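Participant: The structure follows.
What follows draws every value from the coordinates through simple rules; no lab data is involved. None of these values were measured; they are calculated from a predicted model. A quick note on method: Cβ atoms are made from the backbone with ideal geometry, for glycine too, and the neighbour counts reach across all protein chains shown.
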Amino acid sequence: MPVNKAHPSTSVFKDNIFNGQVVFITGGRSGIGYTVVETLMRHGADAVIVGRDAKGLAESAAALQKSTGKRCIAASADVRKVDQIRAAVDKAIEAFGRIDFVVCGAAGNFLAPISALSENAFRTVIEIDTLGTYNTVKATLPHVRKTQGAYLHISATLHYRGVPYQAHVGAAKAAVDALSQVIAVEEGPRGVRSNVVAPGPIANTEGTLRLVPKGSETDIIPRIVPLARFGETIDIGNAAVYLFSPAASYVSGSVLVVDGGEMHIRGTSLPYPESVLDPESTKKLVVGSKL
Ligand code: COA
């Protein structure tokens, strides 16, 4: 199946480089994860998408098959529940007999200052992002060892510095980055690679809708992103293709930041210090905030 020219920015990669290979992705139903799996499928991979929303997953799997011509199955599971993740892996093996690539993309995010973050709220994000990654790695590793495959963790850049309202996510993503490095070191001698992609502000994603104030593409983004635009989900899809491809066969334990240069000049997208001194003032700025 040739690369869909409606997505010209993927055409720099050879068609069908992942033919006969299988990607297992948590969080592939929507947003960045959806584009990542679609891009890998456009280059030949079959896929298993994993998430909590069974109906949404089935719809996404059907749409992915239609747009790429490759096979995609939906496996409903909560990454926090190890038994469910193991069952999803069993389903993948039953369908395809192998897993080559694993994308740990399931994540939870919302804005909350630590003073208003309940224990359950903090634990919930740690459980989804960090424990979810651990559960996914544990369940898939025997199969990834067999194929000498690779892991890709969708992380973030916000934990490189202190970002207001992101204590839970910063802690969770820092742990994900650490896990990836250890996997790279422990599994490298068996031919397994592990890398992180760290997206910056990506347009039309759940995370950006929640974290970046409304109307910021003309106002804030040109001041906080050197490349002066939001990223697109395809920018992360292309990073995934590279990191799973033979072109990255000597790349492991690395973090590929895809953020238009944002982290080098990062301030905060919320007014500072007003937003931390008066969380109420942030309510009207951000979609999905229930501070
Ligand atoms: N501010 C503060 N606390 C919040 C919150 C917010 N905006 N959203 C959720 N929480 C708290 C809940 O109040 C609850 O804590 P409590 O029991 O002390 O009240 C805890 O987090 C768990 O939330 P709940 O919604 O019950 O958990 P869940 O497992 O069903 O879902 C999320 C967790 C993170 C997925 C959910 O909050 C969510 O839908 N977030 C937005 C979508 C998202 O994160 N997408 C990924 C973007 S990267």
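Participant: Between the DSSP loop rule and a limit of at most 13 other Cβ atoms within 10 Å, which GluC sites (Glu not before Pro) in the range 142-224 are left? Walk me through the intermediate numbers first.
Facilitator: Values: sites: 186, 187, 206, 217; in loops: none.
For GluC sites (Glu not before Pro) across the range 142-224 that sit outside H, G, I, E and B with at most 13 neighbouring Cβ atoms in 10 Å, the list is empty.
Participant: Here is a follow-up. Just to verify a number: FRET efficiency for residue 204 and residue 66, C-beta to C-beta distance, R0 = 22 Å, to 0.05?
Facilitator: Working from the Cβ atoms, E equals 0.60.
Participant: Taking amide H atoms as placed 1.01 Å from N in the peptide plane, list the residues 5 or more away in sequence, or in a different chain, whose amide H sits under 5 Å from that of residue 205.
Facilitator: Under 5 Å from the amide H of residue 205 lies no amide H from a residue far enough along the sequence or on another chain.
Participant: Turning to a different aspect of this structure: Going by amide H atoms built from the backbone, whose H comes under 5 Å of the H on residue 45, apart from near neighbours?
Facilitator: 18
Participant: Compute the whole-percent fraction of alpha carbon pairs in the range 107-153 spaced more than 12 Å apart.
Facilitator: Details: 727 of 1081 pairs.
Tail fraction, whole percent: 67.
Participant: Ok, one more. Once you have the alpha carbon radius of gyration of the range 71-167, what is it after dividing by 2.2 N^0.38 Å, with N set to its residue count?
Facilitator: Compared with the compact-globule rule of thumb, the range 71-167 sits at 1.25.
Participant: Order these by the 10 Å Cβ neighbour count, fewest first: 103, 48.
Facilitator: Fewest-to-most ranking of 103, 48: 48, 103.
Participant: Just report the Cα centroid separation between the range 138-167 and the range 73-107, whole Å.
Facilitator: When both Cα centres are located, 15 Å separates them.
Participant: Of all the C-alpha pairs in the range 100-246, what % are more than 26 Å from each other?
Facilitator: Every Cα pair in the range 100-246 considered, those over 26 Å come to 30 percent.
Participant: Moving on to the next point. Please report the net charge: other residues with Cβ closer than 13 Å to the Cβ of residue 239, K and R +1, D and E -1.
Facilitator: -3
Participant: Another one. If you plug each phi of the range 82-91 into the Karplus form 6.51 cos²θ - 1.76 cosθ + 1.60 with θ = phi - 60°, what whole-Hz ³J(HN,Hα) values come out, in order, with x for Gly and Pro?
Facilitator: Once rounded to whole Hz, the list reads 4, 5, 5, 5, 4, 5, 5, 5, 4, 5.
Participant: May I pose another question? May I ask for the Rg/Rh ratio of the range 1-128, computed from Cα atoms with Rh as the Kirkwood radius, given to two decimals?
Facilitator: 1.04
Participant: Please give, to one decimal in nm, the separation of the simple spin-label points placed at residue 16 and residue 115, each 7 Å out from Cα toward the Cβ.
Facilitator: Inter-label distance under the simple model: 6.1 nm.
Participant: May I ask you to give the average projected area over all directions of the convex hull of the Cα atoms of the range 171-291, in nm² rounded to one decimal?
Facilitator: Result: 8.6 nm².
Participant: Sticking with this structure for a sec: Using the alpha carbons of the chain, what is the convex hull volume per residue in cubic angstrom, as a whole number?
Facilitator: 123 Å³
Participant: Pop out the Kirkwood hydrodynamic radius of the range 155-234 from its pairwise C-alpha distances, inverse of mean 1/r, in Å to one decimal.
Facilitator: Hydrodynamic radius (Kirkwood, Cα only) of the range 155-234 equals 14.4 Å.
Participant: Using Cα-Cα distances under 8 Å and only pairs 6 or more residues apart, what relative contact order does the chain have, in percent?
Facilitator: The value is 18 percent.
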